[in-house]
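In what follows, a structure is listed as structure tokens, so that the remarks can point back to it.
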Amino acid sequence: MRGITAWEDDPLSSSAAAPVERPVPDLSHPGLGLSVVGRQPAAQTYPRGTAGFRYWSAADSLARAVGYWRRVVPGGLRWHTGRPLVVDLDAGNDLNAYYDRQELCFFHAEVRGVTVYSGESPDVLCHELGHALLDAIRPQIWNAASIEVASFHESFGDISAILSALELRSLRDDVLANTGGRLARSSRVSRLAEQLGWAIRQSHPDAVDADCLRNAVNSFFYRQPESLPPMAPASALSSEPHSFSRVFTAAWLESLAGMAEARGTGAGALASAALDAGRLLVAAVGTARIASNYYAQIAAGLLAADERLMGGEFRAAIRRAFVGRGILAMSSAAAIAAGTKPRGAGQRGRRPDRLPTIDVPVDGRAYGLRLRRLLVEAPLGATRWSASSAALDLGPLAPATPDRASRAFVEDLLRRGRVDTASLDRRAADMPRGGRTTHVLVREGRRVRLARRLVHARPGA
Ligand SMILES: [Zn+2]
């Protein structure tokens, strides 16, 4: 076989002893094609640590992710721009990666004598590809001014990494053997981006999990993100989207584990459950209301999609996982079971191109800006039939109002220095743009609008 060598899993994953032989990957899927920057090295095996190895290993991961999602999404889906997605495997010095609607960008950094390439990790590659895929399915959420919606984007990235990894038979066998057949236990699949996590831990020991960047097996219970602190060690939840994403990812992995067990035992049952889990997720994303409690909307959408597409086969697994974490209030789950579907959960159709906009008063002086009001895309408000998350004490939790959710989102961004304000200030325009900004202020006549530029694989530092 003429082939290449590639990582099956993160380079620092405990079980990934060595790269494996793989067939030459194809990146030319119609509508979902990828175009890697630079000259393509000849397709052959290269030693680890070479650019040729990194090229083909990354291509193998990305082709696997696209191959999975293509079987799950509606036919004819295209990237946001309608053109092949550009992939830059080494765009300079950083410990991060991002998607900005045009390209997936990866970086390198030297840490304790090791050069860490974020574009060498299948987990990071498939996380970023997940952002691009979600943006293709549901572009409306890109600019939504909501912590929970932004956190779902991160969770979807991690879910993309998990589902892409489970495409490999060898990995499914290994994980089932090492967890006693329980996917909801910590494993090389739940531990995401071990090497990037290690690199960050050398300078910020409490910024990431002890064994990886983010572990999808954790014990976080749902909280309204507007009420969380803006910053916390990895052992606690904060309103930072990568931190808060862990609640949804954990519930989702538990529901996948329950689905796999409902299908039987072994790698075959896991593969078929993983395929259907992706179908349900894509269906839920396509219909869920873009509200401030977006996790509950997606969970309700999963239950509704399961009724519609699977005849309720996975009802118990989904319910147990999302009700157990407080993402879905028991009353909302019961309403779906009784057939009074929360609005938006099961209906097709209405997809506003843009969310309702709202003026958020910002006292720009507090941030050194000449700005009184900012226009943002607010999440939708609650309706009588909207699904709810659970309160910490009793019963359902009223979602944050569009005004409160938007203001909390904007304040968080400004406090963390995530907004590129060059359009407001000529002096700032001459300054180099930091790698930390995710949003930009866009002048529209006399008004200023907040727009997203990109999503990172982890909080930029
Ligand atoms: Zn991300």
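Expressed in whole Å with the largest first, what are the equivalent ellipsoid semi-axes of the chain derived from the C-alpha gyration tensor as the square root of 5 times each eigenvalue? Result for the chain: semi-axes of 32, 29, 20 Å.
Couplings for region 190-200, taken from phi via the Karplus curve 6.51 cos²θ - 1.76 cosθ + 1.60 with θ = phi - 60°, read 6, 7, 9, 6, 4, 5, 4, x, 4, 4, 5 Hz in order; Gly and Pro are left as x. For region 357-456, relative contact order (Cα pairs under 8 Å, six or more residues apart, normalised by length) works out to 23 percent. Sparsely packed loop sites in region 6-57 (the chymotrypsin sites (Phe, Trp or Tyr not before Pro) outside DSSP H, G, I, E and B with at most 16 other Cβ atoms within 10 Å) do not occur. Average accessible surface for the chain: 41 Å² per residue, computed with a 1.4 Å probe over protein heavy atoms with every protein chain in place.
Counting helices only, and only those DSSP H runs with n ≥ 4, report the 222 nm mean residue ellipticity of the chain as the sum of -39,500 (n - 2.57) divided by its residues, in deg cm²/dmol to the nearest 500.
Working: 12 runs with 171 residues, N = 461.
One gets -12000 deg cm²/dmol as the mean residue ellipticity at 222 nm.
Accessible surface of the chain, 1.4 Å probe: 50 percent of it comes from carbon and sulfur atoms. Once you reduce region 379-426 and region 1-65 to the center of their Cα atoms, the two points are 39 Å from each other.
Projecting the Cα atoms of A210, P122, A277 onto the dipole axis of the chain, where Lys and Arg carry +1 and Asp and Glu carry -1 at the beta carbon, places A277 farthest toward the positive end.
By how many nm would the segment from Q40 to A236 lengthen if fully extended, with 0.36 nm per residue of separation less the alpha-carbon distance?
Computed gain between Q40 and A236 is 66.3 nm.
Taken about its Cα centre, the chain carries a charge dipole of about 1420 debye when Lys and Arg each add +1 at the Cβ and Asp and Glu each add -1 at the Cβ.
Close amide H partners of D94, meaning residues 5 or more places away or on another chain with modelled amide H under 5 Å apart, are H108, A109. Annotation for region 294-334: chymotrypsin sites (Phe, Trp or Tyr not before Pro) lying in DSSP loop with at most 11 further Cβ atoms inside 10 Å of their Cβ do not exist. Per the Debye formula on identical point scatterers at the alpha carbon atoms of region 41-95, with no solvent, log10 I(q)/I(0) at q = 0.22, 0.26, 0.30 Å⁻¹ is -0.99, -1.11, -1.22.
Beta bridges from DSSP with both residues in the chain: antiparallel share about 70 percent, rounded to the nearest 5. Normalised by 2.2 N^0.38 Å, where N is the number of residues, the alpha-carbon radius of gyration of region 238-343 equals 1.02.
Positive-end ranking of A335, G76, A232 along the dipole of the chain, with charges on Cβ about the Cα centre, is headed by A335.
Remark: relative contact order (the chain) = 14 percent; criterion is Cα-Cα distance under 8 angstrom and separation of 6 or more residues.
Rounded to two decimals, what is the ratio between the C-alpha radius of gyration of region 1-160 and 2.2 N^0.38 Å? In units of the globular-protein estimate, region 1-160 measures up at 1.03.
The values are calculated or read from the model by the stated rules, or taken from the named source; none is laboratory data. This one's a predicted model, so the numbers in the text were calculated from it and none came from an experiment. Note that each Cβ is placed from the backbone with ideal geometry, even for glycine, and that neighbours are counted across all protein chains shown. Surface areas here come from the heavy atoms of the whole protein model, side chains and all, with no ligands, DNA or RNA. Shrake-Rupley method; radii C 1.70, N 1.55, O 1.52, S 1.80 Å.
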